[in-house]
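So the structure is just underneath, and the comments pick up after that.
FYI, it's all coordinate maths here, none of it is from the lab. Keep in mind that what you see is a predicted model, and the values were worked out from it rather than measured. Counting neighbours? That spans all protein chains shown, and the Cβs are built from the backbone with ideal geometry, glycine included.
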């Protein structure tokens, strides 16, 4: 099996034991929806900005890097990100390979008032309920994992007040995503089957999205320097998602600031 296949199988086997029952999660999500009927500013609303938005990520570990910052406080980290000018926050909640938790997500939500993305290997509807119950505004859905079921997860996300962000890695997945009720795409430079990063193919795919009007496009993975943000902007990205380089930075606030202020190109 590929690395992604292994992660997916482990997530499927353990996700129901990680949480309370689905009915408990439903009640918690509905309580959150009752208190906050509309999520905080959705990522798509950032499309009117002239600059490339920085989505700063809390990622304590990864399959490719191993431990990155296992003892990091999510709340303290996102405060630094916000001070540096991050437009939105992403929090890894997968525990085994990425060292994350829904506790990290809740802590981040309480710490800053920025759009909050729950990033997980979503394989079960209970994860969407838990994301909403934890205060997320958006959730990542990977076509490479969900396949034909992506549509039902997109629909459920909207029902729960979550903005669905659909991750794509090739032209076939772009075509699939354009049939779904979503306006936000994440184009990942990392092949999760091999863990290799191919920014050239990523930017080619980002360039293809400009022919689909109304999309908000995030270039994810492989962003390590300001030049990478500029290349993503030239390809037509509206935002970049930056994780590892920020988590390893001695000064996360200054590191975020170094990625900000890159002007977007006009989409066709």
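Listed values, structure above:
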read-out	value
Listed residues 118, 72, 53, most fluctuating in the chain (Gaussian network, C-alpha, under 10 Å)	72
Pairwise label distance in nanometres, residue 194 with residue 172, each label 7 Å out on the Cα-Cβ vector	1.6 nm
Residues 226, 11, 196, sorted so that the one with the fewest Cβ neighbours within 10 Å comes first	196, 226, 11
Computed E for residue 230/residue 254 - FRET, C-beta separation, R0 25 angstrom, nearest 0.05	0.85
q = 0.12, 0.15 Å⁻¹, region 164-268: log10 I(q)/I(0) [Debye, one scatterer per Cα]	-0.38, -0.59
Highest-MSF residue in the chain out of 173, 96, 159 [GNM, Cα springs under 10 Å]	159
Estimated [θ] at 222 nm from DSSP helical runs (n ≥ 4, -39500 (n - 2.57)) normalised by residues in the chain, nearest 500	-12500 deg cm²/dmol
Rough spin-label spacing in nm, given labels placed 7 Å along Cα→Cβ, for residue 159 and residue 211	3.5 nm
Candidates 201, 221, 213, ranked by Gaussian network fluctuation over the chain, Cα under 10 Å, top entry	213
Cα point-scatterer Debye curve for the chain, base-10 log of I(q)/I(0) at q = 0.08, 0.17 Å⁻¹	-0.27, -1.46
Taking 7, 89 and counting other C-beta atoms within 10 Å, the order from fewest to most	7, 89
Distance in nm between pseudo-label sites at residue 75 and residue 113 (7 Å out along the Cβ direction from Cα)	1.8 nm
Footprinting exposure proxy for 119, 59, 12, 264 (fewest neighbouring C-beta atoms within 10 Å first)	12, 264, 59, 119
Convex hull volume per residue in cubic angstrom - Cα atoms of region 169-214	71 Å³
Value of relative contact order over the chain, rounded to a whole percent, pairs C-alpha under 8 Å and six or more apart	22 percent
